[in-house]
There are 2 protein chains.
Amino acid sequence: MTREEEPRILLGHGDGGRLTHDLIRSVFLPHFDNPANPVLRPLPDAAVLAPPAGWRLAFTTDSFVVSPAFFPGGNIGTLAVTGTVNDLAVSGARPAYLSVAFILEEGYPLRQLEAVVESMALAARDAGVQIVTGDTKVVEHGAADGIYINTAGIGWVPEDLHWGLDAVRPGDVVLLSGSPGAHGMAVLLSRGDLGFQSPIRSDCASVFPLVQALQGVPGIRFMRDPTRGGVATVLNEVAQGSGLDVWVEEAALPEDPAVSAAARLLGVDPLYLACEGRVVAICAPDAAAAVLDAWRAVPGGLGRDAAAIGHVSASRRLPLGPRPEPAVYLRTALGGTRLLDVKSGGELPRIC
Amino acid sequence: MTREEEPRILLGHGDGGRLTHDLIRSVFLPHFDNPANPVLRPLPDAAVLAPPAGWRLAFTTDSFVVSPAFFPGGNIGTLAVTGTVNDLAVSGARPAYLSVAFILEEGYPLRQLEAVVESMALAARDAGVQIVTGDTKVVEHGAADGIYINTAGIGWVPEDLHWGLDAVRPGDVVLLSGSPGAHGMAVLLSRGDLGFQSPIRSDCASVFPLVQALQGVPGIRFMRDPTRGGVATVLNEVAQGSGLDVWVEEAALPEDPAVSAAARLLGVDPLYLACEGRVVAICAPDAAAAVLDAWRAVPGGLGRDAAAIGHVSASRRLPLGPRPEPAVYLRTALGGTRLLDVKSGGELPRIC
């Protein structure tokens, strides 16, 4: 098949008429249908779902505009499923249902769309979630960059779970489930304009097994997945939200040698690069060992490199002058101290 | 303020760092926050919600790419709220919660974003829904057309409500809550390349009052809001889903004279133009009068022009040859019969 003959997305695929129906029936339904619970099959405007008794509902959304849409370790579809699954998981929810909405550029190759959809179906099965409703829009050539995806997600939260930054106390331990920055670096390098190749693959994965492994572990205060802005940005949210300082020990950070080497070469800090399969957790000091044991035992090695990377402390009060803002500090391997501030602009665009 | 000084969306507004936080705190939170139920205020990755006991959950999503983003009677924000509210309402759900996700083009004027956000907040208040979670991505100049919005919605469905096309029977009546096509025509004309001005405003509105007015009316089979593809496309979905023919009486159709005049001039059929504040309902023959009475009594005049526009009948079987596909027929004012087929391509792109 020559490039000219390749089936492509037409504006009509987004108009709600026959082409839209064809696309749904030939591409989306075969991948997203679940014969055991065929909620999506009637293509309802809204899926109707029964919440388990005694649970609360978690609800989240993310749009995905990653460039390029395909990168080592995944693609925009994998990311659209795991990103929303992970937002639910770190809220303490069991991820259950996803909506999927595509914005497609006229001329987008159908074969690529199908590859994305197939990855989404696989990622959804892996994560134990079901895609139950969706939407497709097509815009003219030039009005989007190929494919954008939005997912919204619903999960069930146990009645007795109350994580939050208001639960964080001085002395609490900061844990990281694995080395930071592989996703951001994989996407950055796959743009191909940096002139070198690398074996780095995105860490893109459902983190629900990491959350589930902590069921019954007391002393969990807060969890979040460090996506845009990376671990440093999540820790700044912890500092701002709790009013406490966060101290990170550089020597304790789990490290991927390939990511570190590329980061040194490019002059970027892996603590600011997006992860898509990592969890930052804050827990009581006497819970840290149990969290690390549980994470390291998760099948598949998702938490193999988990480490306690720092702690929370009362915000420093200077003898004179105004009280400083709560902040995040890195104790370097050489014994120095460096502020891990929130970056203002200059971040990598379209990393997820 | 000159055009150059006007604050604009920067790539940094989408990077999850300080500019993103500034945008959320200065633009989104002031509009979307609900002091009485401050679910959104902690900016959680996922909102946690308590479903009322004994209700089921409706879940839906739509992306909005309407061009132009501002049109007579509304803008992309109004549409993003009412579109998803309406998908919930016609599923029999009481709309409750929305997620909102923006894809913004670098350089998009902040003032326009704020106007959109303000419209969304107003539309949400009018419709009685709460925006509880969200996301913002920014893509480079040229990688989107200003602003795209996705909303996903959750609503509560009574346990005893079971609408669906499988409930439709021969003899059932087809009802339309008002004149068709104003939204599609308003957007089309506001593109400005047709060379004439008109007073037509989009019919964009929450249809939940129309659904709520039918509480306690027995014999409702099915409802849908005729958006992309218009009334004709919804009726084709009825025919396909029920296996029955649908007959529409042209003389019975409610009509907006301005829409009809513009449609004649442009050679388009209002039955194929998108509505954003209309409901198509199918009900038992003895329920039709009660539905019309209830709709016409809805405060604000949303159902003032409601009419019974046709009926459902057993699919015609020809004496010889294969059984024809279920179809939609229009009995014209002159006594002829015309097939209202599903259009294949050629629809107006980016109408919602």
Of the listed residues (B:L104, B:L79, B:L57), the one being of a type in the set (A, V, I, L, M, F, W, C), in contact with a Phe, Trp or Tyr (Cβ under 6 Å, 6 or more places away or on another chain) and within 13 Å of chain A (Cβ to nearest Cβ) is B:L79
Counted residues in the stretch B:329-344 being among the hydrophobic types (A, V, I, L, M, F, W, C), closer than 15 Å to B:S313 by Cβ and loosely packed, with under 14 Cβ neighbours inside 10 Å come to 1
Restricting attention to the stretch B:1-28, the residues that are modelled with pLDDT under 70, away from chain A (no Cβ under 14 Å) and not in a helix (DSSP H, G or I) number exactly 2
A:L88: passes all of (1) at the interface with another protein chain (Cβ under 7 Å from one of its Cβ atoms); (2) at pLDDT below 90; (3) farther than 18 Å from B:N150 by Cα but (2)
Quick check on A:Y108: is it more than 21 Å from A:T20 (Cα to Cα), at pLDDT below 95 and of a type in the set (S, T, Y)? no
Looking at the stretch A:211-219, is at least one residue buried (at least 20 other Cβ atoms within 10 Å of the Cβ) and away from chain B (no Cβ under 14 Å)?
yes
Note on B:W55: of the conditions (1) over 15 Å from the mean Cα position of the chain (by Cα); (2) of a type outside the set (D, E, K, R); (3) under 21 Å from A:I147 (Cα atoms), unmet is (3)
Exercise. Quick one: is B:F64 on the phi < 0 side of the Ramachandran plot, in contact with a helix residue (DSSP H, G or I) (Cβ under 9 Å, 6 or more places away or on another chain), modelled with pLDDT under 95 and facing chain A (nearest Cβ under 9 Å)?
Worked result: no
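If you scan the stretch B:194-210, which residues turn out to be in a loop (DSSP other than H, G, I, E, B) and either of a type in the set (A, V, I, L, M, F, W, C) or within 12 Å of chain A (Cβ to nearest Cβ) (or both)?
B:L194, B:F196, B:I200, B:C204, B:A205, B:V207
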Would a scan of the stretch B:133-154 turn up a residue that is on the phi < 0 side of the Ramachandran plot, without any contact (Cβ under 8 Å) to a residue 60 or more places away in the chain and either charged (D, E, K, R) or not assigned by TED's automatic domain parsing to the domain that holds B:G107 (or both)? yes
query = Is it fair to say A:V81 is open to solvent by less than 10 Å² (accessible area, probe 1.4 Å) and within 27 Å of A:M185 (Cβ to Cβ)?
reply = yes
When the stretch B:260-282 is checked residue by residue, the ones that are acidic (D, E) and either open to solvent by less than 10 Å² (accessible area, probe 1.4 Å) or more than 16 Å from B:G229 (Cα to Cα) (or both) are B:E276
Does B:D166 fit the bill of being farther than 25 Å from B:T332 by Cα and of a type in the set (D, E)? yes
Of the listed residues (B:P257, B:P285), the one being open to solvent by 40 Å² or more (accessible area, probe 1.4 Å) and more than 30 Å from B:V81 (Cβ to Cβ) is B:P285
Among residues of the stretch B:123-160 being more than 8 Å from chain A (Cβ to nearest Cβ) and out of contact with any helix residue (DSSP H, G or I) (no Cβ under 8 Å at 6 or more places or on another chain), the residue nearest to A:V139 (Cα to Cα) is B:H141
All conditions in (1) open to solvent by 20 Å² or more (accessible area, probe 1.4 Å); (2) in contact with a Phe, Trp or Tyr (Cβ under 7 Å, 6 or more places away or on another chain) are true of B:D245 except (1)
Of (1) touching a residue at least 24 places away in the same chain (Cβ under 8 Å); (2) hydroxyl-bearing (S, T, Y); (3) out of contact with any Ser or Thr (no Cβ under 7 Å at 6 or more places or on another chain), B:S206 satisfies every one except (3)
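The values are calculated or read from the model by the stated rules, or taken from the named source; none is laboratory data. Here the structure is a predicted model, which is why all the values come from computation and not from measurement. Cβ: placed from backbone, ideal geometry, glycine included. Neighbour counts: every protein chain shown. Protein only, heavy atoms only, side chains kept; ligands, DNA and RNA dropped before computing areas. Shrake-Rupley method; radii C 1.70, N 1.55, O 1.52, S 1.80 Å.
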